[in-house]
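Contents: one structure, followed by commentary.
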Amino acid sequence: MIGASTVFPAAMGALFALLMLVGGAPLGMLAAGALAFAVYIVTQPLRGLLLFCLLAPALPWMTITLGARITTSEAILALTWGGVFFQWLGGKLPPWPDNPTERAMMRFVAWSIVPLVAGQFMVQAEGVGPVNWVRWLLNVSPVFLVPLLTPDQRTRDRLLLCLLLGFAGLLAISLSFFFMGRDPMRMVAFLTALHYARPDAIQDILTADPTRMASPWVHPNSTGGALLLAVPLGMFYAVVQHGWRRALGLFVAVGGAAGIVFSGSRGALLSLGVFVAWLAIKKTPYAVRGLLLSLLLAAALLALYPPAQQRFASLFSSNDVSTGVRFEEYLHFPEAVIRYPLGMGFKADTPATANGVYGISNLWLNYWYKLGLPGMLLFIAVTTAWWRQVRLPGNFAVVNADNGMRIATVGTVLAALATGFIDHYFSFTQVLISLFWLILAISLQTAKAPVPSSTSVARP
């Protein structure tokens with residue numbers, strides 16, 4: 001009997017031979033590289049997930065065209081699912097994950113079909129709803145990929161290492177451009193060379209306020225959101241690791257915190273403060289000292305870095321543009337949900353200002369906007385089921401290799417949810433939400449793993 005692992009390479013070889021006949025040597029060589037890459041991932045889908053963790057944090061919206069334009073990160077997820085399918089045919093994968101959070105997620109995904117169909121008829125836009133829906137499915141799919149492909153602690157450790165290396169790459173790119181000069185056109189040229197879509201829009205965003213750090217996440221608030229995911233992971237990774245891995249964690253934690261300040265993302269900065277306060281309440285060793293040190297560093301930055309002074313002062317200004325827009329969004333939100341009772345769906349992205357409807361800078365209300373009230377309630381059901389599985393009773397008097405990354409991943413998701421009160425980027429922002437669901441899935445696996453008998457203790 002021929003296995004699935006044999007069928008796929010054979011099919012790819014036949015396709016390569018066909019391309020050589022039809023397109024000649026240049027197309028054939030290009031196809032050969034692409035097919036070799038596809039075989040590399042599909043035959044071992046864990047490689048795809050690890051590669052995604054390396055690429056997605058650093059270069060999230062680098063694109064390729066496969067009929068429709070798609071980010072390279074999403075293409076890797078699609079290939080990874082192809083590998084999962086072929087492994088299932090060969091009987092090499094565990095059963096489909098069937099815990100409370102995964103079941104709630106399946107109901108959430110199933111409901112999304114309703115606003116997908118409704119939006120196709122109710123929304124006047126040029127977008128292709130089914131394509132956008134499939135891309136959204138790819139972005140939430142790490143919830144299922146992580147339990148399927150990382151069943152043991154060793155593979156989860158590799159996953160976290162690749163994720164932190166990806167965030168380190170993001171910081172290396174962003175901080176290098178930031179300290180070399182504040183000219184945003186350098187970043188525009190860099191991202192255009194990487195086939196980022198809409199260079200004109202990227203230029204408009206990055207030149208709107210050159211004092212805010214530019215990054216491959218383009219919008220400073222998206223940069224802040226990505227770095228908010230990085231800092232807690234780096235902080236606790238440094239606690240539980242040694243040698244160069246500890247140095248990696250420290251670089252991600254310290255560099256990520258500085259990057260949040262330089263990006264001017266007030267929501268990410270406030271949520272990072274909430275995370276540290278949560279650690280202090282749970283009596284994590286040195287958390288109170290860390291909170292005081294953070295306040296002192298923040299005060300020093302405010303004293304020495306004028307752009308940070310301006311962003312902080314805008315919190316208390318009645319003329320702050322972004323705050324005014326948020327209040328206007330809340331004012332018009334009832335009109336938006338009445339206009340789209342089953343949700344706006346996937347045909348167009350919010351805010352739909354071109355149609356006279358405002359967006360909403362709130363995680364949960366944005367789910368209501370896009371997927372209707374049932375969609376928001378189902379998202380709440382997912383996060384509620386997640387919390388019941390991962391919550392950590394008692395205090396964190398001891399932080400060690402057994403519980404360190406569990407605290408980190410749970411705290412990271414809580415910090416991301418905290419940003420939802422003032423922004424919406426963890427709801428439908430491509431690739432950023434895939435990192436959110438990835439870390440949520442890791443926290444579930446860490447909570448379900450049996451506690452080792454290790455007695456070694458590391459204190460932050």
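Take the conditions (1) surrounded by fewer than 21 Cβ atoms within 10 Å (Cβ to Cβ); (2) closer than 20 Å to residue 269 by Cβ; (3) of a type outside the set (Phe, Trp, Tyr); residue 183 misses just one of them, which is (2). Only a single item in (1) part of a helix (DSSP H, G or I); (2) surrounded by fewer than 16 Cβ atoms within 10 Å (Cβ to Cβ) is not met by residue 109, and it is number (2). When each of 172, 201, 230, 226 is tested for being surrounded by fewer than 20 Cβ atoms within 10 Å (Cβ to Cβ), under 26 Å from residue 427 (Cβ atoms) and not aromatic (Phe, Trp, Tyr), the lone residue that passes is 201. There is at least one residue in the stretch 398-414 that is β-branched (Val, Ile, Thr), crowded, with 18+ Cβ neighbours inside 10 Å and either in a loop (DSSP other than H, G, I, E, B) or over 19 Å from the mean Cα position of the chain (by Cα) (or both).
Please work out which residue is nearest to residue 441 (Cα to Cα), limiting yourself to the stretch 40-50 and to residues that are touching a residue at least 60 places away in the same chain (Cβ under 8 Å) and surrounded by 21 or more Cβ atoms within 10 Å (Cβ to Cβ). Result: 49.
Residues are listed down the side, and each one gets a yes or a no for (1) closer than 16 Å to residue 441 by Cβ; (2) without any contact (Cβ under 8 Å) to a residue 60 or more places away in the chain:
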site: 81; (1), (2): yes, no
site: 86; (1), (2): no, no
site: 90; (1), (2): no, no
site: 93; (1), (2): yes, yes
site: 100; (1), (2): yes, no
site: 103; (1), (2): yes, no
site: 123; (1), (2): no, no
site: 139; (1), (2): yes, no
site: 153; (1), (2): yes, no
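Of all residues in the stretch 189-221, those satisfying the criterion of being among the β-branched types (Val, Ile, Thr) and under 22 Å from the mean Cα position of the chain (by Cα) are 192, 202, 205, 218.
Just one of the numbered conditions (1) at pLDDT below 90; (2) assigned to a helix (DSSP H, G or I); (3) open to solvent by 30 Å² or more (accessible area, probe 1.4 Å) is not true of residue 378: (1). Taken together, the residues in the stretch 59-89 that are in a loop (DSSP other than H, G, I, E, B) and surrounded by fewer than 14 Cβ atoms within 10 Å (Cβ to Cβ) amount to 1. Of the listed requirements (1) closer than 20 Å to residue 275 by Cβ; (2) open to solvent by 40 Å² or more (accessible area, probe 1.4 Å), residue 195 misses just one: (1).
Being within 27 Å of residue 126 (Cα to Cα), in contact (Cβ under 8 Å) with a residue 12 or more places away in the chain and not aliphatic (A, V, I, L, M), is that true of even one residue in the stretch 373-390? Yes, that holds for at least one residue.
When 425, 358, 367 are checked against the criterion of being within 17 Å of residue 334 (Cα to Cα), hydroxyl-bearing (Ser, Thr, Tyr) and open to solvent by less than 50 Å² (accessible area, probe 1.4 Å), 367 stands alone in meeting it. The number of residues in the stretch 242-255 being open to solvent by less than 50 Å² (accessible area, probe 1.4 Å) and either among the β-branched types (Val, Ile, Thr) or farther than 9 Å from residue 164 by Cβ (or both) comes to 3. In this structure, residue 239 does satisfy being over 19 Å from residue 209 (Cβ atoms), modelled with pLDDT under 90 and hydrophobic (A, V, I, L, M, F, W, C).
The values are calculated or read from the model by the stated rules, or taken from the named source; none is laboratory data. Note that the coordinates shown come from a computational prediction; the quantities given were computed from them, not determined experimentally. In this analysis, Cβ positions are derived from the backbone assuming ideal geometry, glycine residues included, and neighbour counts consider all displayed protein chains. Surface areas here come from the heavy atoms of the whole protein model, side chains and all, with no ligands, DNA or RNA. Shrake-Rupley method; radii C 1.70, N 1.55, O 1.52, S 1.80 Å.
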